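Heads up: the structure comes next, in structure tokens.
Nothing in this text is a laboratory measurement; each read-out follows from the coordinates by a stated rule. The model shown is predicted, which means the values in this text are computed figures rather than measured ones. Cβ coordinates were reconstructed from backbone atoms using ideal geometry, including for glycine residues, and neighbour counts include every protein chain displayed.
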Amino acid sequence: MRIVNKKIEDMKSSTVDPLQKRQAAATGQMEQLEKEILELKNQLEDTAHLNQRLKEQNKDLQESISNVAQEEASKREEALSRLEELQREKEAQLADLNNKLNAQQESVKAIQEARLKDAERKAKEAALNAELAKKKTQSIKPGASSAPTDNKTSAHIQSEKKKTKAASTPGQETTKTPPVSEAAAAPEKSPQPAQEAPTPAVSSATTVKAESKPADSNFKKAQKLYEKNSYAEALPLFEQVAADSSTGEGVDARYMMGECLFNQKEYDKAIMQYQKIISQNSEHTKAPAAMLKQGMAFEKLADKETAKVIYKKLLKKHANAPEAAKAQENLGKL
């Protein structure tokens, strides 16, 4: 029995005690595991709460993003609609401006045509006045005044012839009719001989020669005044030379009249003088220069379209003239 009890005690000491220790250790581990599990549960709960909060925040963010996107989309649509409206307004304004511009261009064109017609009309009037003045000047000269007298004398001679034929006998019809000079001298009872009848023609030629010298001197005087920039004083002298058709400097004097007026900034009047040369003496050497200066005068009057037309005419009609290069240069600047 003692041995059995001893073995039992040995077994208890060798098996039960370790088992109890193991059980106690296992109990401690279980408690530790329970604590850890509890902590994990707490963490899981915290995580679940956090996830819930994140979900709610995400939902709020999605809603705010959606709202912002909708607001931005509405703003973009409003901005696009405003831009389209502005574009339509601008297009309408551009169309209106184009219509106004076309109307303005038509008006400018009409004004330019009216100016050209007016310039041509004035040039024709001036030419007519110059022609009338020339005729008046010629009628004042002795040679010109003798022509009507000669015509009257010849008519008187014819009437005298008729009277003589009606009153004469058949024998007298064979008598020779006296010369015109003698017939003219007979009714007037002039004491001069018949050979002196052509004297008025000689005196008229002498008068023309005598008058050409003052015209030449006037041109030289005017040229000197022009070179001294005395345009106002040179203008009437050039005008006198231009009005006198007996000299060959009429066109040159007319051109210098335009130059005097141009330098005095009287561009409208200068245009008329140049126009007279262009219309009446288109083949004269001064015609290209007159066209060039006429275009420059229109430029000074801010009438660039008419200036372009004149430059193009100059290039077309006088392509080989020295003034053509300047006209091309001026045309390129317009």
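Before moving on, here are some points about what is shown:
- In terms of overall dimensions, the C-alpha atoms belonging to the stretch 1-101 reach 139, 17, 10 Å along their principal axes, ordered largest to smallest.
- Summing Lys and Arg as +1 and Asp and Glu as -1 over all other residues whose Cβ lies under 14 Å from the Cβ of residue 62 gives a net charge of -1.
- Gap separating the Cα centres of the stretch 1-21 and the stretch 39-57, nearest whole Å: 53
- For the stretch 1-101, the residue among 43, 70, 58 whose Cα projects farthest onto the positive side of the dipole built from Cβ charges is 43.
- Charge context of residue 39, other residues only, Cβ under 13 angstrom, K/R +1, D/E -1: -3
- Residue-wise HN-Hα coupling along the stretch 284-289, computed from phi with Karplus coefficients 6.51, -1.76, 1.60 (Hz; x: Gly, Pro): 6, 5, 7, 4, x, 5
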